[in-house]
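Worksheet for the structure shown next.
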Amino acid sequence: NGTLIHYDGRAWTRIETGTSTDIYDAWGITSPITNKTEIYCPASSPYNAQDRKILKVTEPAAVDTVPWGTGRDVISVWTHKGLALYTAGDGVFTNRSGRWHEENIGASIYTGCIRGMALNDIFAVGDFGLITHFNGVDWKVSLMSNIPWYSRLAASKHLVVAVGTTGSRGIVAIARR
């Protein structure tokens, strides 16, 4: 319902987002240009294509939107130093200069999360056990299985972890690099 809460190390503060649309993810950076914190939050309504957006929160809790005109679900967002904005949901999209471009990730599958370490080291996960990786040139499907849904993911220099569900069971995939 558009609820966003920030913890500053001492206390929790609610940030008024100006929307009642569900927020699915949050990714924050310190902008190399302004040296301020920027937090990107995708918000989507599965019932209303006009109610899909990316919120951009800057300190001290000013909320704006990044134009999102694809009409597609957006449920995850990631950026590296604000140089390009990547999204996951009904397709993987990238925005480098104010325009959205759909990426060919190697499979036409709904994606649940996108994360990376650099612009040449990005992972996306999703339906049917999808784990795909971008090396700066191409997307390569690393793993697909009968696991119905990977919904979240974390990546570090030596480890990639995807979590999801299969039936009523939780599942974790761990890959060492």
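Here, each number is a calculation from the coordinates, and none is a lab measurement. Computed from a predicted structure; not experimentally measured. Quick reminder, even Gly has a Cβ in these numbers, built from the backbone with ideal geometry, and neighbours come from all protein chains shown.
In this calculation the C-beta distance from residue 33 to residue 8 is compared with R0 = 25 Å, giving a FRET efficiency of 0.65.
Using only the C-alpha atoms, the convex hull of the chain corresponds to 138 Å³ per residue.
Among the trypsin sites (Lys or Arg not before Pro) in the range 8-53, those located in a DSSP loop and surrounded by at most 14 other Cβ atoms within 10 Å of their own Cβ are 10, 36. Short-range pairs are left out: with C-alpha atoms under 8 Å and at least six residues apart, the relative contact order of the chain is 11 percent. For residue 157, the lysines whose Cα comes closer than 20 Å to its Cα, not counting residues fewer than 8 places off in the same chain, are 81, 140. Candidates 113, 101, 2 compared by Cα position along the dipole of the chain: farthest toward the positive end lies 113, with charges placed on Cβ.
Projection of the Cα convex hull of the range 51-140, averaged over all directions and equal to a quarter of that hull's surface, yields 6.0 nm². Loop-located chymotrypsin sites (Phe, Trp or Tyr not before Pro) across the range 1-105 with a Cβ neighbour count of 11 or fewer within 10 Å are 47, with loop assigned by DSSP.
Potential lengthening of the chain between residue 96 and residue 177 amounts to 26.4 nm, from the contour at 0.36 nm per residue minus the alpha-carbon distance.
From the largest down, the range 78-123 spans 27, 22, 15 angstrom on the principal axes of its Cα atoms.
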